[in-house]
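Have a look at the structure below before the remarks.
The values are calculated or read from the model by the stated rules, or taken from the named source; none is laboratory data. Please read all numbers here as calculations on a predicted model, not as lab measurements. Protein only, heavy atoms only, side chains kept; ligands, DNA and RNA dropped before computing areas. Shrake-Rupley method; radii C 1.70, N 1.55, O 1.52, S 1.80 Å.
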Amino acid sequence: MKFFLDTANLEQIREGAALGIIDGVTTNPSLMAKEGIEGRAAVEAHYRRICEIVDGDVSAEVLSTDYDGMIAEGTALAALHRNIVVKVPCTEAGIRAVSHFAGQGIRTNCTLIFSVGQAVLAAKAGASYVSPFVGRMDDISEDGIGLVSDIVGIFRTYGYDKTCRVLAASIRHTRHIVECMEVGADVATCPLKAILGLLQHPLTDKGLAQFVRDSEKLK
């Protein structure tokens with residue numbers, strides 16, 4: 001599985017990249033706003049900085065909700081750097097935009113996926129990634145991991161797994177990451193804290209403490 005950081009925070013991206021385990025980054029307007037990034041020029045410059053830190057796919061989301069606006073924004077975003085993947089919402093206009101971008105050789109991440117049907121339409125239109133939202137499904141007492149599992153299964157049955165990757169998004173905690181791996185998601189995009197949680201185990205802490213104590217006896 002590939003790990004993407006779901007953030008626009010450069011410090012966290014640098015920290016994740018230094019570990020050598022981060023394969024890409026996803027962002028959205030909310031994450032950009034959280035970092036105080038405002039205005040098209042500032043946003044584009046920020047994407048370039050991210051691409052300089054992480055040599056992997058970087059999802060850059062369009063702000064427009066209409067087809068023409070998505071095409072204009074997506075084309076400009078794709079031109080920023082070879083690693084940019086244009087992120088579009090799973091709406092009728094978004095699916096049209098995905099199809100257009102596929103014809104132009106521009107990779108896309110179709111986001112806000114909450115059903116198998118949405119994922120299939122995005123894959124058929126030529127999306128490079130589909131992003132089912134695990135945590136937001138859980139928030140309304142639906143099965144987010146189950147949705148990821150269903151999409152993975154359908155993609156394998158009909159061959160969409162050859163062209164489109166299942167990118168599990170809205171990951172809230174470390175257990176979500178493990179569960180996404182168990183059901184075969186291609187990518188999990190999550191906060192750095194959730195990824196670092198994979199390192200945590202009380203027996204590791206206990207064993208290390210014992211090693212340190214024993215090493216003192218050797219001095």
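Quick look at the numbers
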{"read-out": "For the stretch 121-178 versus the stretch 11-78, the gap between their alpha-carbon centres in whole angstrom", "value": "21 Å"}
{"read-out": "Prolate/oblate/rounded label for the stretch 19-60 (Cα gyration tensor, a/c 1.5)", "value": "prolate"}
{"read-out": "Phi-based couplings in Hz for the stretch 125-142 (Karplus 6.51, -1.76, 1.60; Gly and Pro marked x)", "value": "6, x, 5, 7, 9, 10, 10, x, 9, 5, x, 5, 5, 4, 4, 10, 6, 9"}
{"read-out": "Rounded to 10°, Cα long-axis angle of helix 67-78 versus longest principal axis of the chain", "value": "50 degrees"}
{"read-out": "Mean separation of Cα contacts under 8 Å, 6 or more apart, over the residue count of the chain: relative contact order %", "value": "17 percent"}
{"read-out": "Solvent accessible area, Å² - residue 1, 1.4 Å probe, full protein context", "value": "80 Å²"}
{"read-out": "Principal-axis tilt of helix 40-53 within the chain, Cα atoms, nearest 10 degrees", "value": "40 degrees"}
{"read-out": "CD proxy at 222 nm, helix term only [per DSSP H run n ≥ 4: -39500 (n - 2.57); per residue of the chain; nearest 500]", "value": "-15500 deg cm²/dmol"}
{"read-out": "For residue 26, residues with placed amide H under 5 Å, excluding near neighbours", "value": "5, 6, 7, 59"}
{"read-out": "Extension gain (nm, one decimal) between residue 75 and residue 21, 0.36 nm per residue minus Cα-Cα", "value": "16.5 nm"}
{"read-out": "Accessible surface, 1.4 Å probe, highest first, among residues 46, 201, 100", "value": "201, 100, 46"}
{"read-out": "GNM top mover of 77, 19, 198 - the chain, alpha-carbon springs below 10 Å", "value": "19"}
{"read-out": "Choice from 82, 136, 156 with maximal GNM fluctuation in the chain (Cα, 10 Å cutoff)", "value": "156"}
{"read-out": "Matching label, Rg and Dmax of the Cα atoms in Å computed from the structure shown, candidates (1) 18.0, 66; (2) 18.8, 67; (3) 18.9, 71", "value": "(3)"}
{"read-out": "Shape parameters for the stretch 23-101, alpha-carbon atoms, Rg then Dmax in Å", "value": "12.0, 34"}
{"read-out": "For the chain, built as a Gaussian network whose Cα springs stay under 10 Å, the top-fluctuating residue of 117, 144, 94", "value": "117"}
{"read-out": "On Cα atoms only, tilt of 92-103 relative to the major axis of the chain in degrees", "value": "90 degrees"}
{"read-out": "D (Stokes-Einstein, µm²/s), Kirkwood Cα radius, the stretch 119-200, 1.306 mPa s at 10 °C", "value": "125 µm²/s"}
